[in-house]
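The values are calculated or read from the model by the stated rules, or taken from the named source; none is laboratory data. Quick caveat, the model's predicted, so the values are computed rather than measured. Note that we place each Cβ from the backbone using ideal geometry, even for glycine, and neighbour counts take in every protein chain shown.
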Amino acid sequence: MKMKRFLAVLGAIVLVFPLNAQLKADYIQAEAAKQVDAYLLDLYKHFHTHPELSFYEKETSARVAEELEKAGCDEVITNVGGYGVLGIMRNGNGKTVMVRADMDALPVQEATGLEYASTVTTQDDQGNTVYTMHACGHDVHMTSFIGTARMLGSTRNKWKGTIIFLGQPAEERGGGADAMLKDGLLDKIPLPDYAVALHTSASLPAGHVGYVGGYAMANVNSVDIHIKGQGGHGAYPHTTKDPVVLAAKIVLSLQTIVSREISPLDPAVVTVGSIHGGTKHNIIGNDVHLQLTLRSYTEEVRVALIEKIKRICNGEAMASGIPEEMWPEVTVFEGTPSLYNDPVLSEKAAAAMGKILDTEKIHVLSPVMGGEDFSRYGMTEEDIPIFLYWLGGVPQEKYDRAQAGEISLPSLHSALFYPDPEPTLTTGVESMVSIVNSLLLEK
Ligand SMILES: [Zn+2]
Ligand SMILES: [Zn+2]
């Protein structure tokens, strides 16, 4: 009898202070589903119907801050690098893990036909009224992140350490992470041992995840080229220096950079996305403007692309007889650095997701040439290992039809893109909770 009683008391103690405390997979799964049912779907629809453009995330960030507070963060800091938000959960000695969600939407007019489609218009930098939509899934990111905070906030007896929830503005313009870091982010928080994030995938089905160890997303640079000529009458070309012909030569020569000058084993893209010049049939104008996007992985290739573009511009201008002082002006904008998923952390995170999801729902993917400024958190001198994974969003039925070749799937940023909220959010919460929990448990 006494022994039984002793065991019962011991059991109760173990329940309250479990040895080797951790969240079990079935608990995480059940709790994530419950959260999505009871709370997160509404929150998702709120974010979806209240999109705000990059650098204008005023209401969104206020809601994120309020939700982080409710989820049990000990400290919530707002207005970091613009509308950036930090929620800190302190729970004794242990590892420090940072979880990031981006908060901005895009100037896209939603055409999904969903009952909760966005009809919102907002003002852009130029004061234009533009339709606004969460076409990149950042509403999914915020909602999963709040779900993660709620679950970890309500299970403090199952983990030790510190979790930092970072709501980031202006990912779409590649400026939000930089703004937060420049505003002293790393002085405001305990130094993270790891930083993790997820991004919605428009090609994986809801309920699945994918990841890439190592280089996962590209360096992004925007380049403007101002080509100058000497205009005149369209019938007297010999008295002019025609910038349209020069622009045409430059556009074609630029194609040889990737095909002839960069190693076929190094990924690179040079795209001329915009060309504007001239006013009328019979006038040779003075200027042509080109807008390019460049993609690469390594710093060497990134620098080489820019040098080669300048060389080609100058060389073609010289060949066209343009005086040196009028050679094209090439302006390179600071872009998003390539995203390098720490290989060791990637494997740890994949193992943690494997506790929650069936193996066939975890995909090892190829890198893509898109960009993500989450990369910046891994590039400071503190050398924080980072990991960003893909969270499938495509409704299963649409995915199956696409696999059968009946439809093509809209990409991220498309007016037609939408995730299947329930399975996407459930998987978002359970995968992230599992990753954070397992990293916190590390010695
Ligand atoms: Zn995007
Ligand atoms: Zn995005």
Checked pairs for segment 167-185, first touching a residue at least 60 places away in the same chain (Cβ under 8 Å) and of a type in the set (A, V, I, L, M), second within 16 Å of ligand 2 (Cβ to nearest atom) and in a helix (DSSP H, G or I), C-beta under 8 Å and 6 or more apart or across chains, list as Ala170/Gly176; Ala177/Asp373; Ala177/Phe374; Ala177/Ser375; Ala177/Arg376; Ala177/Tyr377; Leu181/Arg376; Leu181/Tyr377
From the option list Val85, Val120, Val97, single residue qualifying as touching a residue at least 40 places away in the same chain (Cβ under 8 Å), away from ligand 1 (no atom under 16 Å from the Cβ), within 14 Å of Ala170 (Cβ to Cβ) and assigned by TED's automatic domain parsing to the domain that holds Pro410 is Val85
Filtering segment 314-355 down to residues that are in contact with a Lys or Arg (Cβ under 6 Å, 6 or more places away or on another chain) and part of a loop (DSSP other than H, G, I, E, B) yields Ile322
Of the residues in segment 226-257 that are in contact with a Leu (Cβ under 8 Å, 6 or more places away or on another chain) and part of a helix (DSSP H, G or I), the one that is farthest from Lys308 (Cα to Cα) is Ala247
Reported set for segment 119-141 where residues are within 16 Å of ligand 2 (Cβ to nearest atom), over 12 Å from Val429 (Cβ atoms) and either touching a helix residue (DSSP H, G or I) at 6+ places or on another chain (Cβ under 7 Å) or in a loop (DSSP other than H, G, I, E, B) (or both) is Thr132, His134, Ala135, Cys136, Gly137, Asp139
- prompt: Does Gly72 qualify as being in contact (Cβ under 8 Å) with a residue 60 or more places away in the chain and either on the phi > 0 side of the Ramachandran plot or out of contact with any helix residue (DSSP H, G or I) (no Cβ under 9 Å at 6 or more places or on another chain) (or both)?
  reply: yes
Those residues of segment 353-405 that are polar (S, T, N, Q) and touching a residue at least 40 places away in the same chain (Cβ under 8 Å) come to a total of 4
By residue number, the members of segment 264-291 that are farther than 17 Å from Ile306 by Cβ and not in a strand (DSSP E or B) are Pro264, Leu265, Gly278, Thr279, Lys280, His281, Asn282, Gly285, Asn286
The residue that is farthest from ligand 1 (Cβ to nearest atom), considering only those in segment 160-190 that are assigned to a helix (DSSP H, G or I) and in contact with a helix residue (DSSP H, G or I) (Cβ under 8 Å, 6 or more places away or on another chain), is Leu181
